[in-house]
Amino acid sequence: MLTLIRNLTFGVVLLAAIVLFGTSLPTWWGGHFGGYRLLAHMFASGLVVVGLPVYAILRWTDWLSPPMPSRGSSWTFWTLLLTGFLTIASMYACMLPSTSTPWMITLIDFHGWIGATMLVAAIAHLVTFRRANSTAN
């Protein structure tokens, strides 16, 4: 049952990352971020903010007992967590009252790039995790 919950949690995080990337794409070419795209982006970001730590805890507790994860799965897991944390932290920093406008613009740019990197890390983690599970069976 724990495995099912862990896999569903990762599925939610992966799907939310895809939605986040998809809703942010038009802004990469100067588009406006508003309306239903912004609403979908904010909803999916909530799923990542909650789902990523839950997945991290479930995955980490799963690795405390043998068999240990493959090196690739471990690297992609930690990359996913790092990029996810930086994505969340960059937008959180924008909300602080001490952030100036130029610094906020820099943080938003960083947020977009690190968010795209998070999607790549999530897909890589899916691939390495599935590969490790297929060779274990």
- Query: Under 19 Å from a point 7 Å along the Cα-to-Cβ line of residue 4: which residues of the range 40-61 have their amide N that close?
  - Reply: 55, 58-59
- Message: Please report the spacing between the Cα centers of the range 65-120 and the range 1-56 in Å, no decimals.
- Response: 13 Å
- Note on the structure: Farthest towards the positive end of the dipole of the chain, among 7, 84, 119 and with Cβ unit charges of +1 on Lys and Arg and -1 on Asp and Glu, lies the Cα of 7
- Query: Between residue 126 and residue 105, what FRET efficiency comes out of the Förster formula 1/(1 + (r/R0)^6) with R0 = 35 Å and r the beta carbon distance, rounded to 0.05?
  - Reply: 0.60
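Order these by the 10 Å Cβ neighbour count, fewest first: 37, 59, 71. Spell out each step's value before the answer.
Working: 37 17, 59 20, 71 10.
By the 10 Å Cβ count, ascending: 71, 37, 59.
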- Message: Can you give me the distance in nm between label points at residue 40 and residue 82, each placed 7 Å from the Cα along the Cα-to-Cβ direction?
- Response: 3.1 nm
- Relative to the Cα centre, what is the charge dipole magnitude of the chain, using +1 at the beta carbon of each Lys and Arg, -1 at the beta carbon of each Asp and Glu, and rounding to the nearest 20 debye? 300 debye
- Item | Option label - semi-axes √(5λ) of the Cα gyration tensor in Å computed here, alternatives [x] 23, 20, 13; [y] 30, 15, 13; [z] 33, 21, 14 | [y]
- By how many nm would the segment from residue 95 to residue 32 lengthen if fully extended, with 0.36 nm per residue of separation less the alpha-carbon distance? 20.7 nm
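Can you tell me which of 39-51, 75-87 comes out highest on packing, and rank the rest after it, using the mean Cβ neighbours within 10 Å?
Values: 39-51: 16.5, 75-87: 19.6.
Highest-to-lowest ranking by the protection proxy: 75-87, 39-51.
Readers should treat all values here as calculations from the given coordinates under stated rules, not as data from a laboratory. Just so it is clear, the structure is predicted and the values come from calculations on it, not from any experiment. Backbone-built Cβ (ideal geometry, glycine too); neighbour counts: all protein chains shown.
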